[in-house]
Amino acid sequence: MTALIKALIASCLILAACTSRTGIKTDYKPYADTCESCYDTLSHMHIYIKNHNIPPQRTGLDSIKAYIKLHDSIRTSVKGLYVKSAKEALELAKKEEDLTQMFVFEEHLYIAYRFTTFADRKLCDSIRLHYAEEMLMTAIKMEDTDTIGIAVSHYMTAMIENRKVADMKKVLNRVGKIESFREAPYKYGKVLCLISRKYSAEGDSIQAREYLKAAIVTGIKGGADGVEVVGRRAVQQLLDKGNVREAAQAYYSVLQMNDSVMKEKSSVTKKRQEADEVYINNMLLWCILFLFVICGILTFYYFRNKRNAEEQAFESEITTLQETTAEYEQTLQKLEKAEIENRAEIADMKKTIDKLKNTIVERISRGKAIYEKLQKGNCQPDDLKGAEDYLIDYYLIFVPEKYNKWNKEFEGLTPRMYTYLILLDMNYSDSDIQRILGISASSLRSLRSRTMGRRGKTTYGS
């Protein structure tokens, strides 16, 4: 019992964990609000500094040192709260595998370490580079051009501040492997333009030109249209004048426009595909529905025909045999009055008549055996094919008054209905009839109802 309770508790805990992971979306707003408040405080630190009175100092240098000390004290305190909130939110985002929120709080932490003190500048720069790399990896997973552009810019800044050379080729190799960028090269070209602009801002015009040229080549691969061609000419004019940064910005705008057009086309294509899928699904549904209807109709006709076969009116085999025998006997009489050459035909005719009479005797014999079994209360035999037909034929020969009476009172009786009337004639109760025929009470009620439904105007008294 204890083990069962433990297992139940464990199952509940697992279910709760799964629900918290997949069913409930984490609310990041409190963390974002805290980070935003701290960032606002850090960004406008000079307002707080002015509201604090700095004690009189002996020299101007001492006054500057006192100002920095007070400034760093406030900034360090605010940054601590900022970092704590952003780290907690980042851990939750990682558990939720929410790339968008991961990027947001990685950027929060990147910004937090921008506000460094003299004491921990080297440490903060190192941590800042770490989060810049984290941002870049997250952005690449997101496969969004603008997000990748932001991450690349932060990454390059962090590398420069750490006096390291940003290996952009490795970064671009990873970005270039993104499938959506291969399908729409304009997106990749935009990233190259952003890198070019960043290098230009840092004063490295050689690298800036190299990446801008690479962006132009990518744009051409994307299927240069009129807008791109005109934009490329304008970019070349700016480059000739030495305005690399403006050229990168101009070409970025051209690619942005083309990218928007591609997105619109992709959106239209996607909507068309979705509409086609809906149409195909509807057609499939209608086909399945049609098949169900056809199957239903076929099933209905199958059971109706089966029931009609079961409800088919009884036709006496003995009557047919007797009529056939009578016809043959008449033919035989005519042959016997004819010439002697008909002896062989006469002999064959006699054999046929004898065979028919034997069949009649056999049917009557079987019918009598069944009748006697029923009289003794035995169940109707299931192993004898046409047992009911034999029984009715027996009644036709030996109890003709009853048989003829039923034929007058009822129309189109089936073998089972005749059997029911015979059992009633034997004075059997409903329970006895159920047992003898091997049917349920509801089946017996149905049989009685169907039998009486074929009754004519004459009243039947059992």
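The values are calculated or read from the model by the stated rules, or taken from the named source; none is laboratory data. In this text the structure is predicted, and so the values were computed from the model without any measurement. Backbone-built Cβ (ideal geometry, glycine too); neighbour counts: all protein chains shown. Protein only, heavy atoms only, side chains kept; ligands, DNA and RNA dropped before computing areas. Shrake-Rupley method; radii C 1.70, N 1.55, O 1.52, S 1.80 Å.
Worth a mention:
- With a simple spin-label model that places each label point 7 Å from the Cα along the Cα-to-Cβ direction, the separation between Val399 and Gln333 comes to 3.4 nm.
- The label-point distance for Arg233 and Asn162, in a model that sets each label 7 Å from Cα toward Cβ, rounds to 4.5 nm.
- Modelled FRET efficiency - R0 51 Å, Lys87 with Lys169, Cβ distances, 0.05 increments: 0.95
- Per-residue SASA entry for Glu133, accessible area with 1.4 Å probe, Å² rounded to 10: 80 Å²
- Extension gain for the segment Leu123 to Val293, taken as residue separation times 0.36 nm less the Cα-Cα distance, is 53.6 nm to one decimal.
- Taking all protein chains together and a 1.4 Å probe, the residues Arg363, Arg272 rank Arg272, Arg363 from largest to smallest accessible area.
- Distance between the 7 Å Cα→Cβ label points at Ile206 and Lys177: 3.0 nm.
- Taking all protein chains as shown and a probe of 1.4 angstrom, Glu274 keeps an accessible surface of around 90 Å².
- Overall form of the stretch 369-462 per C-alpha gyration tensor (a/c, 1.5; a/b vs b/c): oblate
- Low-density loop cleavage sites - GluC sites (Glu not before Pro) in the stretch 400-462, where at most 16 other Cβ are within 10 Å (DSSP): Glu411
- Sorting Val244, Val361 by solvent-accessible area of protein heavy atoms yields Val361, Val244, largest first, with a 1.4 Å probe.
- Heavy atoms of Thr145 accessible to a 1.4 Å probe, total area in Å² rounded to 10: 10 Å²
- Stretch gain in nm, segment Tyr279-Ser431, where the contour uses 0.36 nm per residue and the Cα spacing is subtracted: 48.8 nm
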